[in-house]
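Everything below concerns the one structure shown next.
The values are calculated or read from the model by the stated rules, or taken from the named source; none is laboratory data. It should be emphasised that the depicted structure is a prediction, and the values quoted were computed from it without experimental measurement. All Cβ positions, even for glycine, are placed from backbone atoms using ideal geometry, and neighbour counts span all protein chains on display.
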Amino acid sequence: MKIFLTGGAGFIGSHLSAYLFKNGHEVLSIDNFDDYYSPDLKLARVKNLVNIYGNQVVNMDLLDLNKLNALVSEFKPNCVMHFAAQAGVRIPLERYDDYVNSNIRVFNNILECILKNNIENFLYASSSSVYGNLSNPPFSELSLNLLPESFYGITKLMNELLTSVHAKNKQFKSRGLRLFTVYGPWGRPDMAYFKLCSSALNKSTFNLFGDGSVQRDFTFIDDATLIIEKLLLDLDSREVGFTDVVNIGGRRPLSINYLIKEIEKITDTTIIVNRSKSSNSDAMITVADKVYLEKLIGRHTFIPLEFGIKKFIDWAIEPSIKTNIEKWVQSSH
């Protein structure tokens, strides 16, 4: 399959680009290499995950609809996979335009491009953040009680709504991926597991919002990439006009306190924790209902956090990574 992939230098996008390419797909990846966190980390991902397979990541701003259309028209993909976005839930109010530009305006450009170029398949990254605190765990795709706690979550819900409106035209097939706290090597340095590992390795302080009781349904990157490809192939078999959203999570919520203890055990250190008040942008718990996912792809055993976080730490202690990990953490806004 010919796949046009946005966010190709991002955490999930770079892993996904490599995974799809290894599995025989033709992938054209783009990214704007923004500075929400270190562009050096993004370049390192491209070098170590994408370039080694002979692939490249094109540097392009998706706000430029003309350039986007020109590139897609030349490549002629039969699928667009959209993973570019302004991530994170704690960007200050004065920077909310970053969410609007990257998560709404860009998303609308992608939809316009799909329609203009008659692209049949559209997969895009949504988020577990769409559920908020009102949905009853485990969170089901059938839930109508969606009230995100963050502006980021609101933009992701808007993406789903925009797609459903366009789907009524029956010109393409679409699937939103509600991803639950994806983690692993080459991850995002603004996320708690990345910062905790850096604190353990560098004896630096970890700033904890709240008492550590919030729970997350952690999803290892290898699970995410495998499942996404299966969901892509399933979508390709559907009729034009089909649209849905699918949870990608293992239904095993664990607290940040548990994560801290696990990293301390693996690294044989005691992490210095600076506790502050909780953030209003944080949901208290995320936990995925897997019923629909497994109906689509069959039974899937998710990699447990204890194994996945060990894989992350093994990556983090590699000399070329360990010398940079604290710098990458400090670069995140």
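The table below lists the values:
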item	result
S278, sole failed condition from (1) over 13 Å from Y193 (Cα atoms); (2) touching a Gly at 6+ places or on another chain (Cβ under 6 Å); (3) modelled with pLDDT of 95 or more	(3)
Qualifying residue in segment 79-86 (condition: modelled with pLDDT of 95 or more, within 22 Å of the chain's Cα centre (by Cα) and surrounded by fewer than 18 Cβ atoms within 10 Å (Cβ to Cβ))	no
Complete set of residues in segment 112-151 that are part of a helix (DSSP H, G or I) and either more than 19 Å from the chain's Cα centre (by Cα) or buried (at least 23 other Cβ atoms within 10 Å of the Cβ) (or both)	E112, C113, I114, L115, K116, S128, S129, V130
Answer from N108, N103, N118 - the residue that is of a type in the set (S, T, N, Q) and more than 20 Å from P148 (Cβ to Cβ)	N118
Residue check for I266: surrounded by 19 or more Cβ atoms within 10 Å (Cβ to Cβ) and in contact with a helix residue (DSSP H, G or I) (Cβ under 6 Å, 6 or more places away or on another chain)	no
Odd one out for L16 among (1) aliphatic (A, V, I, L, M); (2) within 22 Å of L123 (Cβ to Cβ); (3) assigned to a helix (DSSP H, G or I); (4) touching a Pro at 6+ places or on another chain (Cβ under 9 Å)	(4)
Among (1) over 18 Å from the mean Cα position of the chain (by Cα); (2) closer than 27 Å to V291 by Cβ; (3) touching a residue at least 60 places away in the same chain (Cβ under 8 Å), the one test that Q171 misses	(2)
Residue within segment 223-235 that is over 30 Å from I119 (Cα atoms) and either among the hydrophobic types (A, V, I, L, M, F, W, C) or in contact with a helix residue (DSSP H, G or I) (Cβ under 9 Å, 6 or more places away or on another chain) (or both) present	no
Qualifying residue in segment 27-36 (condition: crowded, with 20+ Cβ neighbours inside 10 Å, assigned to a helix (DSSP H, G or I) and on the phi < 0 side of the Ramachandran plot)	no
Criterion: within 22 Å of I260 (Cα to Cα), under 19 Å from the mean Cα position of the chain (by Cα), touching a residue at least 60 places away in the same chain (Cβ under 8 Å) and part of a loop (DSSP other than H, G, I, E, B) - qualifying residue of I309, I303	I303
Residue match in segment 220-230 (condition: within 23 Å of K290 (Cβ to Cβ), of a type in the set (S, T, N, Q) and at pLDDT 95 or above)	yes
